[in-house]
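Every number here is computed from the coordinates shown, using simple stated rules; none is lab data. No experiment lies behind these values; they were computed from the predicted model shown. Don't worry about glycine lacking a Cβ; one is built from the backbone with ideal geometry, like all the others, and counts go over all protein chains shown.
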Amino acid sequence: MISINIQKTLFAATGKMQLALQLEIKQGQLVTLYGVSGVGKTSTLRMLAGLLKPDAGQLKVGQELWYSSEQKVNLKPQERQVGMVFQDYALFPNMTVLQNLEFALGKQTNKKIIKELIEVVELGDLQHRKPSTLSGGQQQRVALARALVQQPKLLLLDEPLSALDQEIRSKLQAYILQVHRHFKLTTILVSHDKKEIVKLSDWIFVLEKGQVKQQGHPISIFEKAELNTTFKLTATINDIQQVDHYFLIDLLIQDENIQLKISEKQGQGLQVGDRINIRFQATNPSIFKIDKNHE
Amino acid sequence: MTWEPLLLTFQLALITTLILLVISIPLAYWLAYSTSRIKPIIETLVSMPLVLPPTVLGFYFLLAFSPNNAFGNWLDDWLGIRLVFSFTGLVVASLLYSLPFMVHPLQSGLSSLSPSLKEAAYVMGKSRYATLIRVLLPNIKPSILTGIVLSFAHTVGEFGVVLMIGGNIPGKTKVASIAIYDEVEALNYAAANFYSAVLFVVSFCILLFVYLINGGYIKQFWK
């Protein structure tokens with residue numbers, strides 16, 4: 001159990017903000033801190049890691065007191081046993097992938113862990129390369145592996161996937177889930193992406209104006225807010241043709257090209273390049289499960 | 001015409017640069033990361049030699065180090081060091097004179113590194129010292145090289161400070177820049193030309209070397 005009860009005055013772009021968080025995280029869970037930029041998510045992670053000192057309050061991880069303003073306890077980052085993945089990955093440019101991992105080894109840690117991690121995140125072919133020669137997704141995997149070398153109790157992920165494109169994101173989400181379960185971690189994720197949150201986390205804390213506004217299972221939180229019985233899609237018209245009494249329109253929806261038949265009345269006034277909303281009822285849909293191997 | 005002033009010059013520059021490197025790393029580290037209120041004052045003091053006429057520095061050194069004054073007298077009595085008109089005195093003066101040329105590149109190198117590099121190392125349990133030696137310094141190699149070369153070249157070129165505090169003692173304080181002045185005064189242009197040409201060529205080569213390396217033209221030696 002991690003119990004967080006901290007106050008801190010933050011100086012954000014929008015001015016002073018009072019952060020007053022009170023939350024509890026069960027051991028072994030993967031939880032998400034969610035909220036708009038500047039609400040104090042990253043600052044919360046930094047205070048957990050010991051990189052930022054709270055003004056008052058208490059931080060307790062298991063039986064260990066990490067910070068307490070009353071008892072004047074404030075463990076240094078070096079004493080906290082935390083793994084952290086930074087937004088910019090913070091890989092050491094002067095070291096190869098392997099050396100980056102080896103640098104993170106403590107005196108007592110067994111070297112075997114490095115081999116194991118390289119296997120789990122599939123870095124074998126890249127281990128002798130310098131970080132600057134790797135793609136964003138590869139660097140992210142190195143950062144993730146490096147954060148785990150010390151076998152931390154707590155893994156902190158500060159928007160780890162925000163700089164990557166959708167395809168690599170979903171792959172890396174799988175890696176994150178895998179290491180979270182494999183190493184029995186307690187993980188705190190900062191993320192903006194609802195899909196990612198639903199896929200990864202057991203519990204979500206919604207932050208607003210420096211406080212926990214709402215908490216719960218991600219699905220219940222997001223669905224309650226936006227439960228709908230109609231699908232709504234946004235599309236761009238690529239082509240439009242009149243055939244007899246109806247129109248054939250070619251649409252671009254996200255990355256997919258789709259052709260629809262619409263009535264003469266609906267097609268009036270539509271032009272190539274227009275953006276349109278499409279709604280349809282969610283009754284009686286055809287549903288097929290996607291085979292995981294083909295995803 | 002002898003090689004002695006030239007050798008003395010390079011000896012002075014070498015010793016000064018090595019000592020400067022050792023003292024500038026902690027100083028630059030502090031300047032790059034400290035949030036202390038006295039930081040602007042220290043920054044100003046470090047930069048002073050850039051704007052002051054060297055003769056001003058030399059003049060105050062002369063006063064301070066003279067055995068007729070309290071500090072110089074104390075040094076002479078207790079440590080047996082006389083800094084006026086001696087090679088040791090030249091080294092001490094050169095250290096202050098060239099300090100900004102070492103500190104500034106190191107400081108800007110450290111400031112330009114992402115703070116998360118340092119933080120990542122701390123979170124991994126590494127001490128400040130280990131982080132500095134193994135993470136920060138290796139990633140500012142070009143700045144270190146620039147600092148070394150600029151300090152060296154700047155010490156080679158010093159004149160006013162040396163003239164004030166070192167005088168013109170052959171083999172002890174008569175460095176190349178002084179020797180050139182001396183020979184010109186004596187209308188011995190051939191000797192002046194010899195020292196000048198050597199300094200010109202050497203300085204050109206040193207700077208060319210830095211630009212080649214920092215520009216990535218000789219990558220295999222500096223990676």
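Give me the inter-chain shielding for A:85-92: mean count of other chain Cβ atoms within 10 Å, whole number please. Walk me through the numbers before you get to the answer.
Values: counts 1, 7, 2, 5, 3, 10, 3, 8.
Taking all residues of A:85-92 together, the mean is 5.
Using only Cα atoms, what is the ratio of the radius of gyration of the stretch A:248-294 to 2.2 N^0.38 Å?
Relative to the rule-of-thumb radius for its length, the stretch A:248-294 sits at 1.52.
Tell me the angle of helix A:136-148 to the major Cα principal axis of chain A, expressed in degrees between 0 and 90 and rounded to the nearest ten.
Taking Cα atoms only, the helix is inclined about 30 degrees.
Take peptide A:72-78, look around each residue's Cβ out to 10 angstrom, count Cβ atoms belonging to other protein chains, and average those counts.
Details: counts 0, 0, 0, 0, 3, 8, 10.
For this peptide, the per-residue mean of nearby foreign Cβ atoms is 3.
Just flag the GluC sites (Glu not before Pro) in the stretch A:14-83 sitting in loop per DSSP whose Cβ has no more than 13 other Cβ atoms within 10 Å.
Working: sites: A:E24, A:E64, A:E70, A:E79; in loops: A:E70.
The qualifying sites are A:E70.
Can you give the mean number of other chain Cβ atoms that lie within 10 Å of the Cβ atoms in peptide A:42-51? Present the calculation step by step, with values, prior to reporting the outcome.
Values: counts 0, 0, 0, 0, 2, 0, 0, 4, 3, 7.
Average per residue, whole number: 2.
Starting from the Cα gyration tensor of the stretch A:1-96, take the square roots of the eigenvalues, sort them a ≥ b ≥ c, and report rounded, prolate or oblate (rounded when a/c is under 1.5, otherwise prolate if a/b is larger than b/c, else oblate).
Verdict is rounded for the stretch A:1-96.
Give me A:H245, A:H180 sorted ascending by neighbouring Cβ count inside 10 Å, so fewest comes first.
Values: A:H245 9, A:H180 22.
The most exposed by this proxy come first: A:H245, A:H180.
What order do you get for A:V243, B:V92 when you list them from fewest to most C-beta neighbours inside 10 Å?
Values: A:V243 8, B:V92 19.
The most exposed by this proxy come first: A:V243, B:V92.
Connecting C-alpha atoms closer than 10 Å in a GNM of chain A, tell me which of A:T32, A:T42, A:T14 has the biggest fluctuation.
A:T14
Under a Cβ-only charge scheme (Lys and Arg +1, Asp and Glu -1), can you give me the dipole magnitude of the protein assembly as shown about the Cα centre, in debye to the nearest 20? Provide the component values of the computation, followed by the final result.
Details: 48 positive and 39 negative charges, 314 e Å.
With Lys and Arg at +1 and Asp and Glu at -1, about 1500 debye.
Can you give me the C-alpha center-to-center distance between the stretch A:124-194 and the stretch A:15-43, rounded to a whole angstrom?
Between the Cα centre of the stretch A:124-194 and that of the stretch A:15-43, the gap is 20 Å.
I'd like the Kirkwood hydrodynamic radius of the protein assembly as shown, using the inverse of the mean 1/r over distinct C-alpha pairs, in Å.
Values: mean 1/r = 0.0349 Å⁻¹.
Evaluated on the protein assembly as shown, it is 28.6 Å.
Take the alpha carbon gyration tensor of chain B, find the square roots of its eigenvalues, order them as a ≥ b ≥ c, and report rounded if a/c is under 1.5; if not, report prolate when a/b exceeds b/c, else oblate.
On the way: a/c = 2.59, a/b = 1.44, b/c = 1.79.
The shape class here is oblate.
So what is the calculated 222 nm ellipticity per residue for chain B, using -39500 (n - 2.57) for each DSSP H run with n of 4 or more, over all residues, to the nearest 500 deg cm²/dmol?
Numbers: 11 runs with 157 residues, N = 223.
After summing the helix terms and dividing by residue count, I get -23000 deg cm²/dmol.
Taking neighbour counts of Cβ atoms within 10 Å as a proxy for exposure, in what order, fewest first, do B:M124, A:M84 appear?
Working: B:M124 24, A:M84 29.
Fewest-to-most ranking of B:M124, A:M84: B:M124, A:M84.
Anything over 21 Å Cα to Cα? Flag those among A:K16/A:K153; A:K184/A:K213; A:K199/B:K118; A:K194/B:K118; A:K26/A:K53; A:K8/A:K41, in the order listed. Show your work: numbers first, answer last.
Details: A:K16/A:K153 33 Å; A:K184/A:K213 28 Å; A:K199/B:K118 32 Å; A:K194/B:K118 31 Å; A:K26/A:K53 23 Å; A:K8/A:K41 12 Å.
Violating the 21 Å limit, Cα to Cα: A:K16/A:K153; A:K184/A:K213; A:K199/B:K118; A:K194/B:K118; A:K26/A:K53.
Tell me the trypsin sites (Lys or Arg not before Pro) within the stretch A:79-164 that lie in a loop according to DSSP and have at most 15 other beta-carbon atoms within 10 Å. Working shown, then result.
Values: sites: A:R80, A:K107, A:K111, A:K112, A:K115, A:R129, A:R141, A:R146, A:K153; in loops: A:R80, A:K107, A:K111, A:R129, A:K153.
When the trypsin sites (Lys or Arg not before Pro) of the stretch A:79-164 are filtered for loop state and at most 15 Cβ neighbours within 10 Å, A:K107, A:K111, A:R129 remain.
Roughly how many Å is it from the Cα centre of the stretch B:35-80 to that of the stretch B:153-223, as a whole number?
24 Å
With the cut-off at 1.5 for a/c, could you classify the stretch A:114-257 from its C-alpha gyration tensor as rounded, prolate or oblate? Display every interim value, and only then the final one.
Details: a/c = 3.16, a/b = 1.53, b/c = 2.06.
Oblate, since a/c reaches 1.5 and b/c is not below a/b.
Using only Cα atoms, what Kirkwood radius does the stretch B:1-52 have, in angstroms? Kindly include the intermediate steps, with their values, before the conclusion.
Numbers: mean 1/r = 0.0750 Å⁻¹.
With all distinct Cα pairs of the stretch B:1-52 included, I get 13.3 Å.
Based on the inverse mean of 1/r over its pairs of different Cα atoms, what is the Kirkwood hydrodynamic radius of the stretch B:31-114, in Å?
Values: mean 1/r = 0.0684 Å⁻¹.
Averaging 1/r across every pair of different Cα atoms and inverting gives 14.6 Å.
Taking only the Cα atoms of the stretch A:2-226, how large is their convex hull per residue, in Å³?
Working: hull volume 28.9 nm³, N = 225.
Measuring per residue, one finds 129 Å³ for the Cα hull of the stretch A:2-226.
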